[in-house]
1. So if I check each of Glu79, Glu116, Glu58, which one is of a type in the set (Asp, Glu), in contact (Cβ under 8 Å) with a residue 60 or more places away in the chain and farther than 30 Å from Leu322 by Cβ?
2. Test Glu288 against the criterion of being open to solvent by 70 Å² or more (accessible area, probe 1.4 Å), outside any loop (DSSP other than H, G, I, E, B) and either more than 28 Å from Ser71 (Cα to Cα) or β-branched (Val, Ile, Thr) (or both), and give yes or no.
3. Mind listing just one residue for me: the one in region 138-168 that is polar (S, T, N, Q) and assigned to a helix (DSSP H, G or I) and, of those, farthest from the chain's Cα centre (by Cα)?
4. Considering (1) surrounded by fewer than 16 Cβ atoms within 10 Å (Cβ to Cβ); (2) assigned to a loop (DSSP other than H, G, I, E, B), say which one Gln309 fails and leave the rest.
5. So in region 524-537, with the set limited to residues that are surrounded by 21 or more Cβ atoms within 10 Å (Cβ to Cβ) and within 33 Å of the chain's Cα centre (by Cα), which one is modelled with the lowest pLDDT?
6. Being at pLDDT 80 or above and of a type in the set (Gly, Ala, Ser): is that true of Ser305 here?
7. Does region 174-191 hold any residues that are of a type in the set (A, V, I, L, M) and without any contact (Cβ under 8 Å) to a residue 40 or more places away in the chain, and which are they?
8. Got a sec? Which of Gly394, Gly410 is touching a strand residue (DSSP E or B) at 6+ places or on another chain (Cβ under 6 Å) and either open to solvent by less than 80 Å² (accessible area, probe 1.4 Å) or more than 24 Å from Leu497 (Cβ to Cβ) (or both)?
Amino acid sequence: MSQPAPHRFSKQGFSLEKAIRYFFASNAGLTIVILVLIIVFLLKEGLGFFPGYRRELEIYRIAGLEFVDLSRANLTAHEQLASVLNRAYFAQINGKSARELKRSQEAAALFNAFAEQTSATRELLVNNLDAGIDPNSPLLAILRQNHAAATLKALTKLPATPHLTDSERAALLESIRTREDTAKDEPALVAALAAQYAAAQQEHAQPLADLRATIDSFEAAGAELSALVTEMTGAVTATKAALQNADLLDKDRKTLLAAAANAKDPATRDKLMAEARSALAAKPDIAEPMHALMLRKPACIATHSALRQTAAAILTKLPASLSQPEADRLLRVARKAAPVFMSGLDQAPQHITAWRHDTPVPLSDALRSFLTGKDWVTGGEWQDFYGILPLLIGSLMISLVALGLAIPAGVGAAIYINQFASRHEQAIVKPVIEFIQAIPSVVLGFIGILVFGSVLRDLSQLDALAWLPGFPIEERLNIFTAGCLLALMSIPTIFSLAEDALNNVPAAYAEASDALGASRIQTSFRVIIPAAFSGILAAVLLGLGRVIGETMVVLLVAGNRIKIPDFSSGIGAFLQPSHTLTGIIAQELGEVPLGSVHYRALFVVGILLFAIVLGINATAHKFINRTPV
């Protein structure tokens with residue numbers, strides 16, 4: 001039987017199989033090209049940051065801002081130590097007056113909740129009365145009825161007052177119910193409880209008179225250094241402005257010269273050259289202001305030495321301990337910080353003497369400042385600093401909380417569903433867990449702000465939970481809240497991949513274990529799970545990648561405080577606000593000038609984040625490839 005004649009495309013080397021193969025190959029190639037373009041774009045925009053930041057640090061040194069900051073750093077340390085001592089003082093008083101404080105706060109919170117719920121009808125009524133409307137008019141009668149109805153409704157939705165007696169609460173509710181519509185004063189019981197709290201504070205402050213005098217003396221000791229720093233700040237700020245203006249004009253001149261070199265029209269070229277010559281900035285004279293600044297070296301050294309002697313004498317008067325736990329903790333923090341503060345004062349004269357404005361600033365200083373800097377300060381009048389350490393620590397702490405919750409939940413659910421659950425349970429639980437991925441992260445952020453954060457803060461106010469580190473919580477938006485929500489987001493990823501790893505274990509493993517007489521639990525935990533361990537670990541790593549790369553939840557819920565948490569509070573550090581690598585990019589990228597140092601700094605953060613997530617995913621894929629055979 002004769003074969004059909006081949007299609008003319010087949011004669012030329014074309015076929016449907018080749019076309020399909022080339023189509024999918026081109027898609028894979030396009031993905032690689034896009035990835036390369038993303039990397040090139042990130043590197044192009046980001047790597048220009050370090051030369052620009054080096055120039056900013058150079059101006060920071062040449063203008064004398066660095067010299068002033070040698071003294072400002074010690075002034076800041078003095079203020080922070082004084083702040084800790086003040087916090088310890090008031091924590092002692094408030095701890096002693098805790099009952100009166102809580103009673104006053106509960107009464108005030110109850111009244112404020114009532115006022116908030118009835119404010120709309122009350123303001124409408126008061127505004128009409130103030131407008132001179134006849135008090136007997138039908139309109140005011142309707143407004144009074146509406147306000148009375150709002151009052152009755154609000155009285156049923158008021159917060160609990162566990163530290164008030166039943167009779168006190170009843171009296172407070174009755175005074176609120178019978179309160180005049182136009183009354184502006186708070187109820188008598190609220191004022192009385194506030195007065196009781198003030199009296200208790202005054203009573204418990206009397207035994208602390210010596211501590212109060214010590215703290216006041218310590219605060220006053222820094223006045224001379226503060227005045228000196230303020231005086232030097234004005235001079236160096238003017239020098240910095242002149243240097244920045246010269247740099248800006250020089251940048252404009254280079255832009256005009258580049259445009260003139262590319263211009264084809266001679267008239268346009270000449271015009272651009274003329275504009276470039278007019279933009280030529282004169283080199284600022286820094287010799288005179290720098291000489292005046294250097295004349296202050298003896299005064300700076302003398303001021304630091306005087307503060308050193310005064311502070312050493314004052315700090316010896318601090319009490320050995322305080323009776324209230326939080327106050328005693330803060331006092332211990334102050335005692336640990338005092339030697340560091342004194343060491344800074346000891347080293348200040350040497351640093352002040354050795355400082356020179358003409359010392360070169362290498363590129364490595366910009367890199368070190370970026371990687372190890374503790375300050376991310378932008379848009380300030382003094383100096384911009386780009387240190388990612390607080391952002392990196394915030395990201396790691398949130399990830400630690402998230403994985404601490406997600407790993408047991410995700411891996412545990414995967415093991416139960418794969419090894420022990422019935423088909424009916426699998427049909428219910430698996431879709432529910434995987435459905436969590438469909439919840440938009442912004443919705444979870446709203447839940448974190450309005451529900452979870454508020455409930456957690458309210459629970460922290462309970463006396464029974466006061467023993468927990470970090471309780472009561474001051475901020476509802478914090479590391480722990482963000483970590484809990486990210487744990488919820490990463491559970492489906494860890495669950496699905498861990499269950500796939502368990503499914504990939506050959507059935508022969510379980511059959512051999514059963515043949516040897518092992519129970520179901522023994523087979524699962526001694527055979528199946530160890531065989532799937534690499535896949536489970538890969539699931540955890542991919543969950544970590546999801547957590548590190550999440551933006552919206554941390555931007556809404558983490559608190560956005562660019563500061564390294566206070567680790568002196570122990571586990572309570574996880575209940576403090578923080579910021580993250582992803583959050584800072586989302587928050588600031590849309591507002592920075594295009595091409596500025598700040599703009600490029602955010603791209604370097606993006607490069608670092610890209611490298612972290614890429615490394616996590618690459619490590620995870622290595623574990624995924626280690627499938628049992």
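1. Of Glu79, Glu116, Glu58, the one residue that is of a type in the set (Asp, Glu), in contact (Cβ under 8 Å) with a residue 60 or more places away in the chain and farther than 30 Å from Leu322 by Cβ is Glu58.
2. Working: open to solvent by 70 Å² or more (accessible area, probe 1.4 Å): yes; outside any loop (DSSP other than H, G, I, E, B): yes; either more than 28 Å from Ser71 (Cα to Cα) or β-branched (Val, Ile, Thr) (or both): no.
Criteria not met by Glu288.
3. By that ranking, first place goes to Gln145.
4. Only one criterion in (1) surrounded by fewer than 16 Cβ atoms within 10 Å (Cβ to Cβ); (2) assigned to a loop (DSSP other than H, G, I, E, B) is unmet by Gln309, namely (2).
5. Only one residue fits best here, namely Gly535.
6. Working: at pLDDT 80 or above: yes; of a type in the set (Gly, Ala, Ser): yes.
Against the criterion (at pLDDT 80 or above and of a type in the set (Gly, Ala, Ser)), Ser305 qualifies.
7. Result: Ala183, Ala188, Ala191.
8. It is Gly394.
The values are calculated or read from the model by the stated rules, or taken from the named source; none is laboratory data. Just so you know, these numbers come straight off a predicted model, no measurement behind them. Neighbour counts are summed over all protein chains in view; Cβ atoms, including those assigned to glycine, are modelled from backbone coordinates with ideal geometry. Each accessible area value is taken on the protein alone, full model and side chains, heavy atoms only, with ligands, DNA and RNA left out. Shrake-Rupley method; radii C 1.70, N 1.55, O 1.52, S 1.80 Å.
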